[in-house]
C-alpha cells in the first residue's frame with residue numbers, strides 16, 4: 001500500500017500515487033470543469049416561446065410521458081386532449097405521488113428540484129409552479145448554467161421551421177452562450193415536403209432533384225449558414241439508413257451536404273438509429289430504437305477525408321463498432337450517449353469502452369436537453385459516471401507503475417468536456433475558448 005498522497009520524481013510535478021486521493025482528485029476536476037454541451041434542443045431566451053423551462057415542461061417531457069402510460073389508466077387521446085398543466089399534473093400524480101420515482105427521468109426531476117432549493121419530498125405541485133413562475137428568464141438561464149457547470153450549449157436549428165425562422169429573420173443580437181447547429185432532417189428525410197418549402201422560400205427546386213435543384217439547395221444552405229453561423233450541420237437518421245442506395249437522401253448528402261460542409265469548414269453530425277412512430281398515439285414519446293449499419297459511416301469517412309464527422313448511434317449494440325471505426329478514421333469523432341442510452345448503467349459501460357479503445361479522443365456526453373433545467377440532472381448524473389470511469393483507468397496506470405499528476409487529469413477532462421469539440425469546429429474554436437476564459 002502506498003500511503004503518501006503525492007511524490008516528486010526527478011523534479012517533475014507532484015504525482016498522485018494513492019488511490020483514494022487519486023479518486024478524490026478526479027471527482028473534483030470532473031465536477032469543476034465547464035462543459036460545452038454539443039447537442040441540445042434548447043433555445044436562447046431571445047427565442048421566446050421556444051425557450052422551454054419550468055416544472056410543467058419538465059413533467060411533460062416525452063421520457064416521462066411514455067413512462068406515465070405504463071401506470072395510468074388513461075388513453076392517449078384522452079391525455080392529449082388535456083391542457084399542458086393538466087398533463088403535467090397527471091404525470092406528477094402518477095409517477096411522483098402514487099408510485100416511487102425510481103426511473104432515471106423521474107430521479108432527474110427530483111435532482112433538479114433539490115439543486116434549486118425545492119424540497120424533493122414535497123407533493124405540492126402548485127408550490128413548485130410558483131417557484132418557476134417567479135423566475136426571470138435571462139437570469140434563470142444564467143443560474144441553471146452555473147449549477148450545471150455548462151459554459152456553452154449548441155442548439156438544434158431547423159431552417160424550415162416557420163416558428164424558428166421568424167425569430168432568425170428578426171436578426172436579434174446573438175446570445176454568446178447559445179450556438180447554432182444547422183439541422184437537416186426535413187431536407188434529407190422528406191425531400192418532397194422540403195422541396196415545396198424551399199421553393200416557397202424563393203429557391204428553384206423540384207421534387208426530382210434536378211441539377212438546378214442541387215445548386216439552389218446549396219444556395220439555400222449558404223444563406224442559412226450566413227444567418228445562423230452554425231458550428232456544424234446535423235441530421236437524425238433512421239436505423240435502416242444506408243449510404244449505398246441511390247436515393248434522394250444520399251444524393252443530397254453527396255451533392256449538397258458534403259460539399260457545403262467542406263466549403264464552410266463545418267463538421268457533419270450523424271445521429272443514427274431512431275425508429276419514428278413505433279407507437280404513433282404517443283406522439284414524440286412513441287419513437288423507438290433499432291440497430292444501424294456502421295459501415296455506411298465508414299464509407300462516408302473514407303470517401304470524404306477532408307470533412308469532419310461527429311457521430312452517435314441510438315442502439316447500445318452499435319457502440320463497440322463505432323469505437324473501432326473511430327480508431328480507423330481520424331476525421332470521425334464519437335459523441336455522447338444519445339436518448340435511450342442516457343441511463344447511468346449504459347453511460348458507464350459506453351464511457352469505459354471508449355476510454356479503453358480511444359483514450360480521451362472522444363466526446364463523452366451531451367445532454368440532448370429540451371427543457372432548460374434538464375441540464376442540471378443530465379450533467380450531474382453524467383459527471384459522476386465519467387469520473388468513476390476515468391478514476392478506474394487512472395488506477396490501472398498506477399498498477400502499471402505509471403503515476404499521474406493533477407495537471408494531467410485537468411488536461412484530460414478539459415479535452416473530453418470541450419477540447420475535442422473545439423478541434424472539430426476549428427473556425428470558431430478561438431471564439432468559444434475566449435468566451436469560456438472570459
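Worth pointing out:
- Boolean, residue 282 is closer than 22 Å to residue 154 by Cβ, touching a helix residue (DSSP H, G or I) at 6+ places or on another chain (Cβ under 9 Å) and in contact (Cβ under 8 Å) with a residue 12 or more places away in the chain: no
- Scan segment 260-279 for residues that are in contact with a helix residue (DSSP H, G or I) (Cβ under 7 Å, 6 or more places away or on another chain), in a helix (DSSP H, G or I) and surrounded by fewer than 19 Cβ atoms within 10 Å (Cβ to Cβ) and the total you get is 1.
- Cross-chain or 6+ apart pairs with Cβ under 8 Å, segment 245-257 first and in the same structural domain as residue 212 (by TED's automatic domain parsing), then assigned to a loop (DSSP other than H, G, I, E, B) and crowded, with 16+ Cβ neighbours inside 10 Å: 248/209; 249/241; 250/243; 251/209; 252/209; 253/243; 257/184
- Yes/no for residue 234 being in the same structural domain as residue 155 (by TED's automatic domain parsing), farther than 15 Å from residue 160 by Cβ and either outside any loop (DSSP other than H, G, I, E, B) or at pLDDT 95 or above (or both): no
- Whether a residue is part of a helix (DSSP H, G or I), modelled with pLDDT of 95 or more and in contact with a helix residue (DSSP H, G or I) (Cβ under 6 Å, 6 or more places away or on another chain) was assessed, and residue 411 does not pass this test.
- Filter result for residue 241 (in the same structural domain as residue 183 (by TED's automatic domain parsing), touching a helix residue (DSSP H, G or I) at 6+ places or on another chain (Cβ under 8 Å) and free of Cβ contacts under 8 Å to residues at least 60 places away in the same chain): yes
- Where helices (runs of 4 or more DSSP H) sit wholly within segment 106-222, those with at least 1 residues that are free of Cβ contacts under 8 Å to residues at least 40 places away in the same chain and exposed (fewer than 14 other Cβ atoms within 10 Å of the Cβ) occupy 125-133, 137-148, 162-169, 191-200.
- Test: residue in segment 159-175 that is at pLDDT 95 or above, touching a strand residue (DSSP E or B) at 6+ places or on another chain (Cβ under 6 Å) and under 28 Å from residue 373 (Cβ atoms): no
- Residue match in segment 384-399 (condition: part of a helix (DSSP H, G or I) and assigned by TED's automatic domain parsing to the domain that holds residue 326): no
- Checked against (1) surrounded by fewer than 21 Cβ atoms within 10 Å (Cβ to Cβ); (2) under 21 Å from residue 393 (Cβ atoms); (3) in contact with a helix residue (DSSP H, G or I) (Cβ under 6 Å, 6 or more places away or on another chain); (4) at pLDDT 95 or above, residue 32 passes all but condition (3).
This table checks each residue for (1) under 19 Å from residue 344 (Cβ atoms); (2) modelled with pLDDT under 95; (3) surrounded by 16 or more Cβ atoms within 10 Å (Cβ to Cβ).
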| position | (1), (2), (3) |
| --- | --- |
| 371 | no, no, yes |
| 375 | yes, no, yes |
| 387 | yes, no, yes |
| 394 | no, no, yes |
| 397 | no, yes, no |
| 400 | no, yes, no |
| 421 | no, no, yes |
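The values are calculated or read from the model by the stated rules, or taken from the named source; none is laboratory data. None of these values were measured; they are calculated from a predicted model. We place every Cβ from the backbone using ideal geometry, glycine too, and count neighbours over all the protein chains shown.
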